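Here the structure is laid out as structure tokens; the discussion comes afterwards.
The values are calculated or read from the model by the stated rules, or taken from the named source; none is laboratory data. This structure is a prediction, so every number in the text was calculated from the model and none was measured. Don't worry about glycine lacking a Cβ; one is built from the backbone with ideal geometry, like all the others, and counts go over all protein chains shown. Each accessible area value is taken on the protein alone, full model and side chains, heavy atoms only, with ligands, DNA and RNA left out. Shrake-Rupley method; radii C 1.70, N 1.55, O 1.52, S 1.80 Å.
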Amino acid sequence: MYKLLLSWRYLLTRYLALASIVSVMLGVATLVVVNSVMGGFAEKLRDRLRGLQAHVMIDARSADGFANLDYHMQRVREILGDRLEAMSPVIEGFAMVEYRRREYTNFETGSRDDPVNGVITGESPPVVRTVRLLGIDPASRSQTSEFAQFLQNPENRKDPTRCFELRGQAAEHHRRHFLRRFGPTVYAPKPHSFPVSGAEGDGDTPPPPDPVEAPPQLVRPFGAVVGHGIATFRKPDAKSTDTDRDIPIIYPGDEIVITTVSRTQLEGHAGTRGHPRPVSATFVVTDVFKSEMSEIDSNIIYIDLADMQRLRTMENCATSLQLKIRGYEHYTPEQKRQLLAELAQHFDETFFAIASWEQKQGPLLAAIAIERGLLNVLLFLIIAVAGFGILAIFYMIVIEKMRDIGILKALGASNSGVMGIFLTYGLALGLVGAGLGTMLGLVITININEIERGLSALTGNDVFDRSVYYFDKIPINIDPLNILLLNLGALAIAVAASVLPALRAALLHPVQCLRYE
Amino acid sequence: MASTLLLARDLYKSYRRHKIVIPVLRGLDLDVETGEFLCLVGASGSGKTTLLHVLGTLDRPDSGRILLEGRRIDDVALAERDRLRNRVFGFIFQFYHLLPELNVLENVLMPEMIRSSVLSWWWRRREARRRALALLDRVGLGHRLRHRPRELSGGEMQRAAIARALLSQPRLLLADEPTGNLDARTGSEIVRLLRDLNREEGLTIIMVTHNPEIARLADRCVCMTEGRVEAVSASELPALSS
């Protein structure tokens with residue numbers, strides 16, 4: 001009983017020990033904040049990666065993809081049966097996109113960024129950049145991944161199957177500025193009748209469409225959904241608090257030209273060998289895609305799978321099959337491995353790479369886990385330093401309390417009892433420090449965005465550069481188990497640091513203590 | 001006829017400082033009767049405090065025997081020595097040695113707390129508190145229960161220390177110059193208190209003192225010279241003090 005009473009009184013009266021409490025508190029608070037924020041980042045990244053991908057991907061090793069798409073899809077359905085929830089074919093390839101930055105001035109409001117009501121008052125020379133071009137089927141894509149929720153047009157989020165159609169203000173903008181200006185000839189709209197650049201001279205290439213024969217109202221323009229990082233330009237010196245950091249370059253309704261390569265033909269047209277040839281087509285931007293993953297948003301343009309197939313002469317072909325598996329979240333690693341093995345029986349690994357999304361993103365997620373582990377080790381060193389503080393202060397307290405130790409022993413306290421006083425004292429310091437640290441850490445974590453804004457305003461620099469992740473705010477994930485483990489670690493360090501002084505106190509000779517001046 | 005409570009035979013104790021051996025007790029013999037008030041006098045460095053520590057199991061003799069009611073206690077295990085100090089011996093020191101973080105009542109309760117686990121303290125606390133309050137009333141500190149030692153005078157602190165020493169109802173009270181740090185009047189009050197405890201409750205007391213006036217109040221005085229004792233009569237005491 002006296003151990004509890006004395007350690008409690010020491011805690012209340014020895015202000016020197018407050019230094020140890022503050023060190024433990026700061027260490028634990030830092031650990032809580034770092035773990036919660038890194039956990040938030042990891043979880044958000046994981047969600048994003050998961051949202052952008054299906055559970056299982058069957059990728060052709062060749063950029064030309066694989067033929068007989070219907071047959072392969074049927075085989076997948078047969079193999080997986082009820083386990084298959086959704087399947088979406090994709091054609092992926094590299095492309096060049098060409099666009100012009102136009103200034104749409106609304107003289108009534110003075111705005112220079114009003115594509116719907118403004119008129120074109122300026123136009124930049126063509127800008128060309130490389131992108132990843134994905135031909136997707138929006139209906140099935142929305143089932144295998146969370147494609148739809150990243151579309152900026154709310155109507156498309158509700159009905160992503162029409163995301164490549166011109167609708168609403170985009171249609172109005174396009175009608176006013178492109179149809180009127182250039183007429184419908186910019187399209188290459190009839191099925192199997194798009195213009196293929198560089199294909200001239202091939203005897204069986206379909207002739208270019210006759211623009212006169214194509215009535216505008218029947219023509220469906222090629223639609224493209226452009227990544228937010230392509231459609232906008234971020235001011236390099238923009239701060240996170242600026243509302244106009246992203247300057248629009250491409251508006252929904254604008255036209256862009258995409259150049260990619262055709263599929264390699266086994267037999268070239270008219271007996272020539274069919275090397276990949278550049279093919280171009282004009283597309284109308286129908287929507288913008290914003291996943292908040294800068295890598296995705298600044299590199300990807302989605303077009304309709306059918307358009308992609310026609311553009312690249314890949315009818316009934318795809319480069320990848322994206323599969324959504326029913327109840328995949330509950331699969332054990334063994335079940336996942338089994339699933340991939342079943343698919344591998346049908347898809348020859350020479351031509352196909354079959355992988356789960358975890359396997360594809362594994363290195364990235366593992367890197368985050370390693371970073372988090374390393375940071376934990378480094379930050380625990382802070383608490384270890386606090387532990388040495390406790391050790392030093394306890395040594396001083398033991399010397400200061402030498403007489404008291406002698407009295408206690410004279411009154412019958414055992415060596416282990418005296419040791420218990422200082423161990424309990426160390427535990428109490430650790431408990432108070434870790435408890436306060438957890439509270440401080442949670443308060444900082446919960447208000448991290450407000451703190452970040454305050455710091456940014458104070459320093460004039462962006463503390464959290466949103467352009468890296470396109471996250472609107474710093475994500476957090478408060479994991480109670482993680483916090484419990486951090487606290488236990490801090491307590492263990494505090495108790496371990498008090499062992500030596502406690503041992504010294506226990507082994508002191510009572511007569512020596514009573515005579516100590 | 002009074003029985004022998006404590007018996008020391010042929011006690012030797014020396015301290016070693018930087019390879020120099022300093023003999024303190026040199027073949028000391030001492031008998032203490034039950035209910036006796038014994039005064040130890042002697043020049044500084046004659047080994048009085050060391051003898052109290054050895055008798056009270058705070059220290060071990062190098063050789064010799066100490067028997068408590070016929071049972072050897074000088075060679076018992078550490079845990080048993082702790083138990084003896086907690087239940088059989090009560091200590092009073094010159095500098096009171098109260099714990100500064102605790103109030104008077106808590107200081108007095110300390111021997112009972114040392115004896116108890118958290119659970120047993122929970123059961124016994126009322127009884128312990130009742131006894132502590134009675135003792136504090138007895139020593140005249142019933143009105144200063146919540147005061148910290150630094151808020152008490154020297155005499156009050158020593159009274160609190162006496163109450164603490166008596167809480168475990170010890171068989172033998174070992175007082176090491178309890179009046180050494182007090183003025184004459186307060187010192188005699190403390191000694192009167194000890195005298196009353198001895199007479200009214202039969203408490204056996206061994207007290208170290210340099211004051212012949214105080215020593216005269218004891219049943220018996222022994223003088224320590226070069227680590228041995230010799231009985232002295234009260235008339236010889238003034239000479240000793242000089």
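Quick notes
- Delta accessible area of at least 30 Å² on complex formation, residues of segment B:105-119, 1.4 Å probe, chain isolated as reference: B:Glu106, B:Met110, B:Met113, B:Ile114, B:Val118
- Selected from A:Tyr425, A:Ala505, A:Val495, residue furthest toward positive end of dipole (segment A:384-508; charges at beta carbon): A:Ala505
- With all protein chains modelled, accessible area of A:Asp82 [1.4 Å, Å²]: 130
- Calculated diffusion of segment B:17-144, Stokes-Einstein form, Kirkwood radius summed over Cα pairs, 25 °C and 0.890 mPa s, µm²/s: 140
- Calculated FRET value between B:Arg60 and A:Glu358, using beta carbons and R₀ = 60 Å, to 0.05: 0.30
- Accessible-area order (highest first, 1.4 angstrom probe) of the listed residues A:Tyr71, A:Tyr331: A:Tyr71, A:Tyr331
- Projected label distance in nm at B:Tyr15 and B:Gln169, using a 7 Å step from Cα toward the beta-carbon: 3.7
- Rounded percent of accessible protein surface that carbon and sulfur make up, chain A, 1.4 Å probe: 60
- Once the C-beta distance of A:Asp113 and A:Leu16 is scaled by a Förster radius of 51 Å, the resulting FRET efficiency is 0.20 to the nearest 0.05.
- As a length-normalised measure over Cα pairs under 8 Å and 6 or more apart, the relative contact order of chain B settles at 29 percent.
- Where only alpha carbons of segment A:296-374 are counted, the Rg and the Dmax (Å): 16.7, 50
- Per residue, in Å², the accessible surface of the protein assembly as shown once ligands and nucleic acids are set aside, probe 1.4 Å: 46
- Out of every Cα-Cα pair that segment B:98-227 contains, those further apart than 22 angstrom amount to 39 percent.
- Only Cα sites of chain B enter the Debye sum here, all with the same form factor; the resulting log10 I(q)/I(0) across q = 0.07, 0.08, 0.10, 0.16 1/Å is -0.23, -0.30, -0.48, -1.20, listed in q order.
- Angle in degrees between helix A:357-400 and the longest Cα principal axis of chain A, rounded to the nearest 10: 20
- The dipole here belongs to segment A:257-410: it is taken about the Cα centre, uses +1 on the Cβ of Lys and Arg and -1 on the Cβ of Asp and Glu, and is about 360 debye.
- Centroid-to-centroid separation of segment A:478-517 and segment A:364-382 [C-alpha atoms, Å]: 27
- For segment B:1-124, with +1 on Lys and Arg beta carbons and -1 on Asp and Glu, the positive-most of B:Ser120, B:Ala8, B:Asn86 along the dipole: B:Ala8
- Size of the A/B contact, given as accessible area buried on both chains, probe 1.4 Å, in Å²: 2500
- Whole-number percent relative contact order across chain A, with pairs defined as alpha carbons under 8 Å at least 6 apart: 28
- For the protein assembly as shown, a crude dipole built from +1 on the beta carbon of Lys and Arg and -1 on the beta carbon of Asp and Glu, taken about the Cα centre, is about 3080 debye to the nearest 20.
- Helix-derived mean residue ellipticity, 222 nm - over chain A, DSSP H n ≥ 4, -39500 (n - 2.57), to 500: -15000 deg cm²/dmol
- In segment A:255-385, Cα pairs under 8 Å separated by at least six residues give a relative contact order of 16 percent.
- When the charge dipole of the protein assembly as shown is built from unit charges on Cβ atoms (+1 for Lys and Arg, -1 for Asp and Glu) and taken about the Cα centre, the candidate among B:Leu167, B:Gly64, A:Ser294 whose Cα reaches farthest toward its positive end is B:Gly64.
- Separation of segment A:337-358 from segment A:391-422 is 68 Å, based on Cα centroids.
- Net charge, B:His143 excluded, C-beta distance under 15 Å - Lys, Arg +1, Asp, Glu -1: +2
- Going by accessible surface with a 1.4 Å probe and the largest first, A:Val32, A:Val463 read A:Val463, A:Val32.
- Restriction of the trypsin sites (Lys or Arg not before Pro) in segment A:431-494 to DSSP coil positions whose beta-carbon has at most 15 other beta-carbons within 10 angstrom yields A:Lys473.
- Between the alpha-carbon centres of segment B:62-80 and segment A:39-109 there is a gap of 88 Å.
- FRET efficiency, 1/(1 + (r/R0)^6) with R0 60 Å, evaluated for B:Arg126 and B:Glu230 via beta carbons: 0.80
- Our compactness index for segment B:19-64, the C-alpha radius of gyration over the empirical 2.2 N^0.38 Å, is 1.25.
- For segment A:338-443, the Cα-based Rg and Dmax, in that order, read 27.3, 85 Å.
- The lysines within cross-link reach of A:Lys3, meaning a Cα-to-Cα straight distance under 25 Å and a gap of 8 or more places when in the same chain, are A:Lys401, A:Lys409.
- Think of each Lys and Arg Cβ as +1 and each Asp and Glu Cβ as -1; about the Cα centre, that makes the dipole of segment A:374-517 roughly 620 debye.
- Here A:Val128 sits with roughly 80 square angstrom of accessible surface, probe radius 1.4 Å.
- Gyration tensor verdict on segment A:16-166 (Cα atoms; rounded if a/c is under 1.5, prolate if a/b is larger than b/c, oblate otherwise): oblate
- Phi-derived couplings, Karplus 6.51 cos²θ - 1.76 cosθ + 1.60 at θ = phi - 60°, listed residue by residue for segment B:57-68: 6, 6, 9, 9, x, 5, 7, x, 10, 10, 10, 10 Hz, with x used for Gly and Pro.
- Where labels lie 7 Å past Cα in the beta-carbon direction, separation of A:Ile120 and A:His330 in nm: 5.6
- Those residues of segment B:67-94 for which accessible area with every protein chain present is at least 30 Å² below the isolated value (1.4 Å probe): B:Asp82, B:Arg85, B:Phe93
- The accessible area of A:Thr438, taken with all protein chains in place and a 1.4 Å probe, comes to roughly 20 Å².
- nm² value of the averaged projected area, convex hull over the Cα atoms of the protein assembly as shown: 51.7
- Residues of segment A:392-413 that bury at least 10 Å² of accessible area when the other protein chains are present, relative to the chain alone (probe 1.4 Å, heavy atoms, ligands and nucleic acids excluded): A:Lys401, A:Arg403, A:Asp404, A:Ile407, A:Leu408, A:Lys409, A:Ala410, A:Leu411, A:Gly412, A:Ala413.
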